[in-house]
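Undergrad: Questions regarding the structure given below will be posed in turn.
The values are calculated or read from the model by the stated rules, or taken from the named source; none is laboratory data. Computed from a predicted structure; not experimentally measured. Cβ atoms come from the backbone with ideal geometry, glycine included; neighbour counts cover every protein chain shown. Heavy atoms of the whole protein, side chains included, go into the accessibility calculation; ligands, DNA and RNA do not. Shrake-Rupley method; radii C 1.70, N 1.55, O 1.52, S 1.80 Å.
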Amino acid sequence: MPSEIQIRNAVDSDIEFVIETIVQSEKGDGDSISYCRLFNIDEDEFRKVSRKILKAGISNFEFSLSNFKIVELAGLQVAAYGAWLEGLDGVSSGMLKISAFRTFLSKGNMAYYKSSATVVDEITIKRKPGIFQFESIYILEEFRGKHIGNMLVQSLINELATKHPAVTSAHVQVIKQNSVSLQAHVKYGFQIIEEKSSLNPEILNFYLGNTRVLMEKKLR
Amino acid sequence: MQTTIELLTEIFSSLLKKPGIKLEMTDSPNTVAGWDSLTYPEIVSKIEEKLDIEFDFRELAGIKNIADLVYLTDSKLSKTANED
């Protein structure tokens, strides 16, 4: 592993890299972004909205800049991963996320969401309060296979566990057919504890596959 | 005159299709079946539409329960009244 590697908390100047992280993490092995399908927006619009949400500076959900850690090598961002404690301020990440999109998207986009969300809801796994939640990992291709993902997971857990020592587990949700992400998280110490599938073929309009898995990493 | 919690009760009752629902200040998405990320955008839009106010993301991010929603709505209304 390169010795000059640094892991640090994301700051305002990392917003574009964090957006890239969210986009690439969403695409996984494929080329589609579920949020684009959910709200009927294109990738450019998704990036614009993500920028607005990240700049709002609200913590404890998928689009919180302060929940991301950045891996830097010789001044270049090469990887990022986000994590937070679910429900810390009494508001679920799901409510924060929909409040954000509702604020920055049009009424037409939200009307579209109303119908599309019912399809996605079939494989939604509600996040449990009091558990660390991991979401959106991205490592530049040339830096994969160098244990950077594992370093990020450990760094995020160490920081969160210092602030919240009573928490005993961390969760990540992955589409089962996204084999790269699934296998990577097995290597990071996560195990599948729950699966939710849909027989509705429309689910494939949103995700790479029809099954979402909940993976858990015990912290002690 | 209708109080804010009565208005919220009317809106929740209509959008969640729960006639007779009685909201308490302590109610939250954990206690009101159907108050979730699918229905919340409509609930918020309906409050805005009925009262001619607008909520931003930072304000909505602080809503944990009905009491927070009542307080935010009332503070928006009083701000609007002061501006008039």
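Undergrad: On the basis of being of a type in the set (G, A, S) and either in a helix (DSSP H, G or I) or touching a Pro at 6+ places or on another chain (Cβ under 7 Å) (or both), does A:S99 make the cut?
TA: So A:S99 passes the test.
Undergrad: Then there's this: Given the condition without any contact (Cβ under 8 Å) to a residue 40 or more places away in the chain and open to solvent by less than 40 Å² (accessible area, probe 1.4 Å), answer yes or no: does some residue in the range A:48-59 qualify?
TA: Yes, the range A:48-59 contains at least one residue that is without any contact (Cβ under 8 Å) to a residue 40 or more places away in the chain and open to solvent by less than 40 Å² (accessible area, probe 1.4 Å).
Undergrad: Out of everything in the range A:103-124 that is without any contact (Cβ under 8 Å) to a residue 12 or more places away in the chain and of a type in the set (D, E, K, R), what residue ends up being farthest from B:V44 (Cα to Cα)?
TA: Checked the range A:103-124; the qualifying residue farthest from B:V44 (Cα to Cα) is A:D121.
Undergrad: Go through (1) more than 14 Å from every other protein chain (Cβ to nearest Cβ); (2) of a type outside the set (S, T, Y); (3) in contact with a Ser or Thr (Cβ under 8 Å, 6 or more places away or on another chain); (4) assigned to a loop (DSSP other than H, G, I, E, B) one by one and return the number of the condition B:K17 breaks.
TA: (3)
Undergrad: Considering only the range A:107-148, how many residues are open to solvent by 60 Å² or more (accessible area, probe 1.4 Å), more than 22 Å from A:K187 (Cα to Cα) and either of a type in the set (S, T, N, Q) or outside any helix (DSSP H, G or I) (or both)?
TA: Within the range A:107-148, the subset open to solvent by 60 Å² or more (accessible area, probe 1.4 Å) is A:107, A:111-112, A:114-115, A:118, A:121-122, A:126, A:128-129, A:141-142, A:144-147.
From what is left, the residues that are more than 22 Å from A:K187 (Cα to Cα) are A:107, A:111-112, A:114-115, A:118, A:121-122, A:126, A:128-129.
Those left that are additionally either of a type in the set (S, T, N, Q) or outside any helix (DSSP H, G or I) (or both): A:115, A:118, A:126, A:128-129.
Counting residues in the range A:107-148 that are open to solvent by 60 Å² or more (accessible area, probe 1.4 Å), more than 22 Å from A:K187 (Cα to Cα) and either of a type in the set (S, T, N, Q) or outside any helix (DSSP H, G or I) (or both) gives 5.
Undergrad: So, one more: Please find, among A:V213, A:V167, the residue that is assigned to a loop (DSSP other than H, G, I, E, B), of a type outside the set (G, A, S), crowded, with 17+ Cβ neighbours inside 10 Å and touching a residue at least 12 places away in the same chain (Cβ under 8 Å).
TA: A:V167
Undergrad: Only one of these conditions is not met by A:G108: (1) within 14 Å of chain B (Cβ to nearest Cβ); (2) over 17 Å from B:S37 (Cβ atoms); (3) touching a His at 6+ places or on another chain (Cβ under 9 Å). Which number is it?
TA: (3)
Yes/no matrix, rows are residues, columns are (1) touching an Asp or Glu at 6+ places or on another chain (Cβ under 7 Å); (2) in a helix (DSSP H, G or I):
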| site | (1), (2) |
| --- | --- |
| A:R8 | yes, no |
| A:S13 | no, yes |
| A:E16 | no, yes |
| A:E20 | no, yes |
| A:D29 | no, no |
| A:R37 | no, yes |
| A:I41 | no, no |
| A:F46 | no, yes |
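Undergrad: Criterion first (in a helix (DSSP H, G or I), within 14 Å of another protein chain (Cβ to nearest Cβ) and open to solvent by less than 20 Å² (accessible area, probe 1.4 Å)) does B:I11 satisfy it?
TA: So B:I11 fails the test.
Undergrad: Counting only residues that are open to solvent by less than 10 Å² (accessible area, probe 1.4 Å) and of a type in the set (A, V, I, L, M), which one in the range A:60-75 is farthest from A:V23 (Cα to Cα)?
TA: A:V71
Undergrad: Moving to a separate point now. Residues in the range B:43-67 that are more than 7 Å from chain A (Cβ to nearest Cβ) and in a helix (DSSP H, G or I): how many?
TA: 11
Undergrad: Can you tell which of B:A61, B:A81, B:A67 is out of contact with any Gly (no Cβ under 7 Å at 6 or more places or on another chain), exposed (fewer than 12 other Cβ atoms within 10 Å of the Cβ) and either hydrophobic (A, V, I, L, M, F, W, C) or modelled with pLDDT of 95 or more (or both)?
TA: Result: B:A81 is the single residue among B:A61, B:A81, B:A67 that is out of contact with any Gly (no Cβ under 7 Å at 6 or more places or on another chain), exposed (fewer than 12 other Cβ atoms within 10 Å of the Cβ) and either hydrophobic (A, V, I, L, M, F, W, C) or modelled with pLDDT of 95 or more (or both).
Undergrad: Could I ask something else about it? Could we say that A:G28 is on the phi > 0 side of the Ramachandran plot, of a type outside the set (K, R) and either crowded, with 16+ Cβ neighbours inside 10 Å or within 14 Å of another protein chain (Cβ to nearest Cβ) (or both) here?
TA: yes
Undergrad: Taking the condition of being among the hydrophobic types (A, V, I, L, M, F, W, C), more than 10 Å from every other protein chain (Cβ to nearest Cβ) and touching a helix residue (DSSP H, G or I) at 6+ places or on another chain (Cβ under 7 Å), how many residues in the range A:74-103 meet it?
TA: 6
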